[in-house]
Amino acid sequence: MAATYPENYRYTKEHEWVVVEGDTATIGITDYAQKELGDVVYVDLPQPGDSVVAGKTMGSVESVKAVSDVYSPVTGEVIEVNQKLADAPEKVNEDPHGEAWMVKVRLSNPAEVESLLTAAEYQSYIEGSES
Amino acid sequence: MIKKARQHVSQNESLIFERSSPGKRAYQLPPLDVPAVDPKDALGAGNVREEIGGFPEVSEVEVVRHFTRLSTYNYAIDHGMYPLGSCTMKYNPRVNEAVAALEGLRWIHPYQPDESVQGALEVIAALENALCEITGMDAVTLQPAAGAHGELTGMLLVRAALEAEGRPRRVVLVPDSAHGTNPASVAMAGYQVRNIASNEKGMVDLAALEAAVDEDTAALMVTNPNTLGVFEENIVAVARILHAKGALLYMDGANMNALAGISRPGEFGVDVMHLNLHKTFSTPHGGGGPGSGPVAVKKRLEPFLPLPRLVNEEAGWRWDYGRPQSIGRVRAFYGNFGVLVRALAYILAHGGEGLRRATLDAILNAVYVRKKLEPYYELPHKAPTMHECVFSDARQAGRGVRTMDIAKRLIDYGFHPYTVSFPLIVKGAIMIEPTETESKQELDLFIDAMISIAREAEENPELVKGAPHMTRIRRVDEVTAARKPVVRWTREEEK
């Protein structure tokens with residue numbers, strides 16, 4: 001069954017999603033990413049107060065297969081981190097687009113988001129890599 | 001009911017703590033023939049340790065049986081083929097052990113004065129010379145205790161040399177097919193890692209390299225043959241591109257088993273490299289170890305090698321500490337000496353021609369496996385391979401059977417699994433390195449097992465997905481083990 005990618009989210013080719021409310025962006029990894037990774041066993045995230053830069057590593061996700069970097073889709077300051085993932089990394093597999101959000105960032109350049117992929121663009125991007 | 005001990009190969013073993021019963025001892029001391037002394041009076045109460053609670057109390061034969069049975073849980077090269085790709089799990093010849101057990105080598109101490117251990121120092125010098133000859137490099141340090149340690153040492157040498165030349169740099173390039181330790185070593189040496197993509201043949205892409213190398217590039221870290229088992233056919237051009245910009249070429253020697261006795265990295269432009277004595281040079285590998293990761297360098301890097309360096313003077317061999325440019329020690333004493341002795345024994349027992357034959361046999365074996373399995377497993381990169389080959393699970397994945405399942409099923413056939421899901425540039429990788437150790441008979445057994453598993457994946461995929469079926473412990477739940485690890489045993493009564 002093909003996963004649904006929320007229309008109001010934006011996406012990266014590195015398989016992160018971001019959704020913006022006011023000047024706050026919430027970031028997570030996509031359903032495609034969690035499927036490729038397999039069972040996630042550990043999530044390493046930045047601390048509130050840390051700066052993140054668009055396109056640069058902000059953390060990592062460890063599955064039984066591999067450890068993968070998580071890249072920040074946007075630039076800004078981390079204001080909140082999803083503490084639940086520390087004890088329940090399986091949430092990333094269960095609800096990647098919802099409950100398993102990873103960090104909230106105060107955007108320093110909200111226009112950045114406009115350059116990210118739309119749901120439709122992301123969908124066709126991953127269909128290309130699935131072949 | 002008559003209780004009968006099962007054959008040990010299928011017998012489960014409790015923890016030594018669970019076998020304990022109060023008062024049992026593994027030894028019996030003769031009666032005291034001097035007056036008893038209370039240690040608290042003799043040493044002071046503060047210096048006498050309380051007894052450690054809950055230590056296992058067992059007899060000698062229980063200790064022996066416990067550990068002997070546990071040893072049967074393991075798979076070893078002495079049991080059968082160990083096709084773990086990029087690991088070179090070759091046989092550890094018994095002659096190595098005989099030589100390492102020689103009285104004069106076995107009982108020496110690293111604090112003995114140089115003049116009382118001249119033979120041991122000569123062993124070290126002889127191994128350094130042999131490794132220089134095999135690699136075509138100018139000098140070798142035997143200190144690093146394993147491959148990744150060698151990588152770090154090599155990177156620190158690069159750093160020291162560039163800084164001494166007054167042109168420090170920040171970036172080290174690593175191909176996407178590299179061993180995971182490469183970028184880790186680069187980062188530990190304080191460099192930034194920059195990945196470069198491989199071309200469609202799985203080799204370093206010259207155009208991508210040319211574009212990536214600039215005045216800030218310290219080195220390229222390349223494995224040759226690479227992790228696909230493919231010889232980097234443009235390695236001379238790779239070296240030229242780097243050298244033109246003042247960068248160095250580091251070679252990860254993990255796959256030296258494809259080159260020893262045939263091709264010398266020093267002659268194709270490598271400036272610094274490490275070897276794994278526990279791979280190419282037949283010293284014990286894996287849990288048995290310890291490892292040894294010598295680093296070989298060209299003249300230019302020699303002044304920076306770890307302290308001390310062995311020198312030969314009229315009075316004999318001695319350790320020289322007067323090397324102001326050295327990066328310092330990277331390990332206590334002079335490396336894992338016992339391992340060095342074994343590697344030298346291997347080299348001398350083979351001689352140059354023997355090493356060359358071993359390499360040719362290793363390549364022949366891998367090519368044989370590749371040809372025989374090609375009709376059954378997808379071979380994503382078709383370039384000629386050397387001592388190992390990499391298939392993928394693409395044909396089996398349609399039935400839900402992945403590389404990990406095939407590897408687990410291989411255990412039921414009596415083989416150690418191949419390397420799973422590596423290199424990362426191949427999705428669902430099945431990486432096989434037979435080494436020269438295996439006879440055609442053993443290779444055919446392995447090939448038959450792999451073909452049989454390919455058939456099972458077609459006809460009865462559930463059988464493969466549920467493997468292993470014949471082991472004491474069936475498939476372990478790696479996910480729960482990683483998410484909720486239990487790392488401490490708890491006594492029944494403490495639960």
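What to note about this one:
- The residues neighbouring B:M431, those whose beta-carbon lies less than 12 Å from its own, together hold a net charge of -2 under the Lys/Arg +1, Asp/Glu -1 convention.
- Taking N as the residue count of segment B:345-429, its C-alpha radius of gyration divided by 2.2 N^0.38 Å amounts to 1.31.
- The charge dipole of chain B, taken about the Cα centre with unit charges on the Cβ atoms of Lys, Arg (+1) and Asp, Glu (-1), comes to about 1020 debye, rounded to the nearest 20.
- Here the extension length gained between A:D87 and A:E7 equals 25.8 nm, from 0.36 nm per residue of separation less the Cα-Cα distance.
- Spin-label zone in segment B:81-125 - amide nitrogen under 18 Å from a point set 7 Å from the Cα of B:L424 along the C-beta vector: B:86
- Among the trypsin sites (Lys or Arg not before Pro) found in segment A:10-60, those both in a DSSP coil and sparsely packed, with 15 or fewer other Cβ atoms within 10 Å of their Cβ, are A:K13, A:K56.
- Calculated FRET value between B:A349 and B:H243, using beta carbons and R₀ = 41 Å, to 0.05: 0.65
- Membrane-span-like helices of chain B, defined as complete DSSP H segments with a Cα extent of 20 Å or more along the helix axis and a mean Kyte hydropathy of at least 0.5, are identified as B:118-135, B:147-164, B:337-373.
- Relative contact order (percent, whole number), chain B, Cα cutoff 8 Å, 6+ residue spacing: 18 percent
- Between B:E459 and B:A482, the contour length at 0.36 nm per residue exceeds the alpha carbon distance by 5.1 nm.
- At R0 = 41 Å, FRET efficiency that the Cβ-Cβ distance of A:Q47 and B:K495 yields, to 0.05: 0.70
- Long-range amide H partners of B:D252 with built H, under 5 Å: B:V222, B:T223, B:N224
- For chain A, the Cα gyration tensor yields ellipsoid semi-axes of 20, 19, 12 Å (square root of five times each eigenvalue, largest first, whole Å).
- Amide H contacts under 5 Å for B:L310: B:D320, restricted to partners 5 or more places along the chain or on a different chain, H placed in the peptide plane at 1.01 Å from N.
- Evaluated with a Cβ-only charge set (Lys, Arg +1; Asp, Glu -1), segment B:160-281 carries a dipole of roughly 220 debye about its Cα centre, given to the nearest 20.
- Looking at chain B alone, DSSP beta bridges between its own residues are antiparallel in about 55 percent of cases.
- Here the 3J(HN,Hα) profile of segment B:290-300, calculated from phi with Karplus coefficients 6.51, -1.76 and 1.60 at θ = phi - 60°, is x, x, 7, x, x, 10, 10, 9, 7, 2, 4 Hz, Gly and Pro shown as x.
- Signed unit charges on C-beta, dipole axis of segment A:74-117, positive-most listed residue A:A86, A:M102, A:G76: A:G76
- For A:G59, the residues 5 or more places off, or on other chains, whose built amide H falls under 5 Å of its own are A:V70.
- Per DSSP, loop chymotrypsin sites (Phe, Trp or Tyr not before Pro) in segment B:238-328 with at most 16 further Cβ within 10 Å: B:Y321
- Once both labels are positioned 7 Å from their Cα atoms along Cα-to-Cβ, the gap between B:W107 and A:V19 label points is 7.6 nm.
- Rounded to the nearest whole Hz, the Karplus-based 3J(HN,Hα) values (6.51 cos²θ - 1.76 cosθ + 1.60, θ = phi - 60°) of segment B:418-423 follow the sequence 6, 7, 9, 6, 9, x, with x at glycine and proline.
- Here the relative contact order of chain A, from alpha carbon pairs under 8 Å that lie six or more residues apart, stands at 31 percent.
- Each Lys and Arg Cβ is given +1 and each Asp and Glu Cβ -1; about its Cα centre, segment B:354-481 then shows a dipole of about 160 debye.
- Averaged over peptide A:35-42, the number of partner chain Cβ atoms lying within 10 Å of each residue's Cβ comes to 3.
- Residue-wise HN-Hα couplings along segment B:316-332, as the Karplus relation 6.51 cos²θ - 1.76 cosθ + 1.60 with θ = phi - 60° gives them from phi, are x, 7, 8, 8, 9, 9, x, 10, x, 8, 4, 6, x, 5, 10, 7, 4 Hz; Gly and Pro carry x.
- The protein assembly as shown: C-alpha gyration tensor shape, a/c 1.5 cut-off, then a/b vs b/c: rounded
Here, each number is a calculation from the coordinates, and none is a lab measurement. Computed from a predicted structure; not experimentally measured. Glycine also receives a Cβ, built like all others from the backbone with ideal geometry; neighbour counts cover every protein chain displayed.
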